Each structure stands twice: as structure tokens, then as C-alpha cells.
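Contents: one structure, followed by commentary.
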Amino acid sequence: MTGYVLFLSMIIMLLIGVPISITLGAATLAALLTLDVPLAVIPQRLFAALDASSIIAIPFFVLAGNFMCEGGISRRLVDFCNSIIGNIRGGMAYAMILACAFFAALSGSAPATVLAIGGMLYSDMIRIGYPASRSAGLLAVAGGLGPIIPPSIVMVVYCTITNSSVGNMFKAGTVAGVVIALVLFSLCGFYAKKESWPRNTVKHSVKAICINFLHAFPALLLPFIILGGIYSGLMTPTESASVAVVYSYIVGRFVYKEINVKSVYRIILDSGKSSAIVLFIIATSSAFSWLFTFSGLSNQIVDAIVAMNLAPWLFCLVVAIILLFFGTFLEGISICVLLVPVLWPIAQSLGINAIHFGIIVCVGIVIGNMTPPVAVNLFASASVSKLSIKEITKGELPFFLGFVAVYFLLVLVPGISTLLL
């Protein structure tokens, strides 16, 4: 009875458009009424979900990312990437991918990466003759590197749910991000030749490259501070996130001088709103997953899957397809907090590595960001390019298929995800 009430109420609310955070909380409350359990357990679970040091990293990373966007860091990264590519055919497309990869190591957000890099490069690409829909499509797909190349908010959420190592998850994300970037580079090379994309109109001298490097150096140093602190053991992910906030503010305020006192209040307020949404989803999902386990539904599902004698690789493949399906109509973090508590116990019983499973979840979620109808990357690219979603979807197709091909490679070959562990 409890299971029927839990899932039926959740499905009904999702279908009528209730936000996922409210849906999870209300479904938990409705199902809890069928059990002899005091309702006070809900606020207890909400509080317990957020009473973890790793959770504090999320608002810090959001705030650091906003300081980076407002502080002129994205423009310096774009200028540097554009200068080192050289005068080759399709050079600005390569620069777009490279800039997205660098910015991904700063923001951890897919739509933020699309908006920041697209706002700097897209108009110039169109001006010198790049195909509009293809450029906008590449932007939407390359922006997907945001939640994969660390730091990544989605990865922090996943590790919080499964009690996995954030540092190891970040290492696996680095490998996955590099492989995806290389595939996108290869596809760009193919289409640059096939569709005769223009060459860079400006030849950059060694001196110009060095100047752009010096301008971008404070921005390029930040990933080494964040990841170096974590991997060396000097800082926890939460401590590195707080250091990132201080460093990004200092760079934007005193080095690039693009953040003023008035803008700080607005940046903090916007970051607080964004963080509150994520944290509320995590809190309600914790109550949902607790009831799911307490009622015995979790054990029943695990026992049923184990009884099917699925091979671990086949289960991973099924999970990948499920994630791609959910990604078409749910936002990334919502998918993570909704499915991971259900799927992870099964994966654990099959002996699947937590980091490998995390890469399956996180990359699958990112693909949802570029798959209509709920495709935040496409909408972000549309706001930059002023093209329709249909035009961008058509332009992104070869890059999207390349991204998906890498995803299934990661699903079926665990050694790629665990290469640096």
C-alpha cells in the first residue's frame, strides 16, 4: 500500500507540473500517512540530509562560479584559447570547445558554460562565416563539459547520496571530460573540412599568445587550486570550494576589476537563491529515499533485480537507457536525487564500482541537458544565438551522437572511469 501511494502520488504531481522538490516531499508525506510513524520524522530527515560537510561545498561552488562569470574570467579564457589554436580552418570552433573545457573546471554548470562562452565567441563566429545552426549546436554540446570536468555540483550531490569519495569522483570526471573533448575536436575537424568552415582571420604571434596567457593566468590557476588542494589532501572539497570563493572574488575585484561593491550583494543573493533550490531538492529526496528504504520497497526491488541474474554490464546499460529517458523531461539534479537512492543499492549488490556508476549517472544526466523538451543547454544556446530550438537541435546532432557514443563507451568499459584511481 505504501509503495502504491508513494509512486502514484509522485507520478501524478510530476504530470501536472509540480516542482520536483515539492513532489518528493508531498509524496513522502502522503505515503507516511499509511504507516504508523510520527510525522515529525520528515523534518528530522530534512535536517539530517543537510547536516553534512560535503553539502556546504554546493553553495560555495555556486557562489564561486558566479564570481567567475561576473569577474571577467570567461573573456580572458576565451581570448587565450582563441590565440593558441592558430590560423587553422575551424579554429574558433576548436577554441569554443577548449574554452568550455577550461570554464567547466571553474563553474561546474552546463548552462553557465554555454552562456559565458557563447556570449564571447558565437557572434564573432557568425560574423566571419561559420554556419549558425552548427555553431549553436556545438555550443550546446560543448557546454555539457560543465558538470563533467570537475568541480561538479552533480558529482557532489551523487557522492553525498552514496557516501562516495568526491576526490575520486572528480578524477573520473576529468578522464571522461578529456575523452569527450577529444571526440568533439575530431568531429569539428571533419565538419570544418566538409563544410568549408573559415579560418581564423587574425594570426596570433607568440607575443600575443604570451600576453593573453598572462591575462588569463589568474583564471587558469583556479582549477589547480581547487583540484590540487583536494588531491593533495591539504583541503576537503568543502574547504577548496570556500577557497575558490575567496580567490575568485579577489581576482574579479582587484585583478580584473570587474566586480564592484554593489554587484557583490546581487551575486550573493542570486547564489543564495540557486543554492536554496538545490539544497531543498536534496533535503526532500533524502526523506523520500528514507521512506523508500524503511517501507521495505528498496529491498524488494533489489531482490527482484538480483533474482533476474543480470550481468553487471547489462544492468549498467539498462541504467544508462533509463537515465537518457528521464533526461528528456527532468532536470539533472532532480534525476540524481530521484533515481540514485533506488538504483545504487542494486548496483552495489552487483559489485559495481561506485565511481564508475557515478560517471554513468553524471554523464547520462548531462546528455539530458541537450535533449528536448527539457534541455537547458539548448535554451541557453538559443538565448545566445537567437535561433529556434529546432535549428539548434539539427545543428547539434553529429556532436550529440559523438557525446552519446562516448557515454556508452564509459558505461561498458569501467576501466576508463577508474583509470586515475
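The values are calculated or read from the model by the stated rules, or taken from the named source; none is laboratory data. Remember, it's a predicted structure, so these values are computed and weren't measured experimentally. Quick reminder, even Gly has a Cβ in these numbers, built from the backbone with ideal geometry, and neighbours come from all protein chains shown. Side chains are part of the model used for accessible areas, which takes the heavy atoms of the whole protein and leaves out ligands, DNA and RNA. Shrake-Rupley method; radii C 1.70, N 1.55, O 1.52, S 1.80 Å.
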Long-range neighbours under 6 Å by Cβ, at least six apart or interchain, first residue within 13 Å of A287 (Cα to Cα) within the stretch 10-31, second open to solvent by 20 Å² or more (accessible area, probe 1.4 Å) and not polar (S, T, N, Q): S21/F280; T23/M13; T23/L14; A30/V5; A31/V5
The stretch 222-243, residues that are hydrophobic (A, V, I, L, M, F, W, C) and either open to solvent by less than 60 Å² (accessible area, probe 1.4 Å) or in contact with a Gly (Cβ under 9 Å, 6 or more places away or on another chain) (or both): L222, I225, I226, L227, I230, L234, M235, A241, V243
Test: R134 is touching a strand residue (DSSP E or B) at 6+ places or on another chain (Cβ under 6 Å) and more than 24 Å from V175 (Cβ to Cβ): no
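Considering I11, I56, which residue is among the hydrophobic types (A, V, I, L, M, F, W, C), open to solvent by 70 Å² or more (accessible area, probe 1.4 Å), in a helix (DSSP H, G or I) and over 26 Å from S295 (Cα atoms)? Steps first, answer last, please.
Values: I11 fails: over 26 Å from S295 (Cα atoms).
The match here is I56.
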Cross-chain or 6+ apart pairs with Cβ under 9 Å, the stretch 76-98 first and at negative phi, then at pLDDT 80 or above and of a type in the set (K, R): R89/K193; A93/R134
Residue, nearest to A116 (Cα to Cα), within the stretch 375-384, restricted to residues that are at pLDDT below 85 and over 16 Å from the mean Cα position of the chain (by Cα): V384
Test: residue in the stretch 307-314 that is open to solvent by 20 Å² or more (accessible area, probe 1.4 Å), among the aromatic types (F, W, Y) and in contact (Cβ under 8 Å) with a residue 60 or more places away in the chain: yes
Pairs where the first residue, in the stretch 34-53, is farther than 13 Å from I161 by Cα and the second is at pLDDT below 80 and open to solvent by 80 Å² or more (accessible area, probe 1.4 Å), C-beta under 7 Å, 6+ apart: T34/M1
Matching residues, the stretch 85-113, being more than 24 Å from S240 (Cα to Cα) and either of a type outside the set (A, V, I, L, M, F, W, C) or not in a helix (DSSP H, G or I) (or both): G86, N87, I88, R89, G90, G91, Y94
Candidates V246, V179, V183, V251, filtered to the one that is more than 21 Å from S417 (Cβ to Cβ) and either open to solvent by 20 Å² or more (accessible area, probe 1.4 Å) or touching a strand residue (DSSP E or B) at 6+ places or on another chain (Cβ under 8 Å) (or both): V246
The stretch 256-286, residues that are more than 24 Å from the chain's Cα centre (by Cα), in a helix (DSSP H, G or I) and surrounded by 14 or more Cβ atoms within 10 Å (Cβ to Cβ): S263, V264
Qualifying residue in the stretch 346-358 (condition: closer than 20 Å to I149 by Cβ, open to solvent by 40 Å² or more (accessible area, probe 1.4 Å) and not polar (S, T, N, Q)): no
Positions within the stretch 115-158 being among the hydrophobic types (A, V, I, L, M, F, W, C) and open to solvent by 20 Å² or more (accessible area, probe 1.4 Å), in sequence order: L115, M120, I126, I128, A132, I149, I153
Helices (runs of 4 or more DSSP H) wholly inside the stretch 114-217 containing at least 3 residues that are within 14 Å of A95 (Cβ to Cβ): 132-142, 166-194
Total residues in the stretch 67-104, condition under 23 Å from V366 (Cβ atoms) and open to solvent by 10 Å² or more (accessible area, probe 1.4 Å): 5
Odd one out for V376, checked against (1) open to solvent by less than 30 Å² (accessible area, probe 1.4 Å); (2) over 19 Å from D303 (Cα atoms); (3) in contact with a Pro (Cβ under 6 Å, 6 or more places away or on another chain): (1)
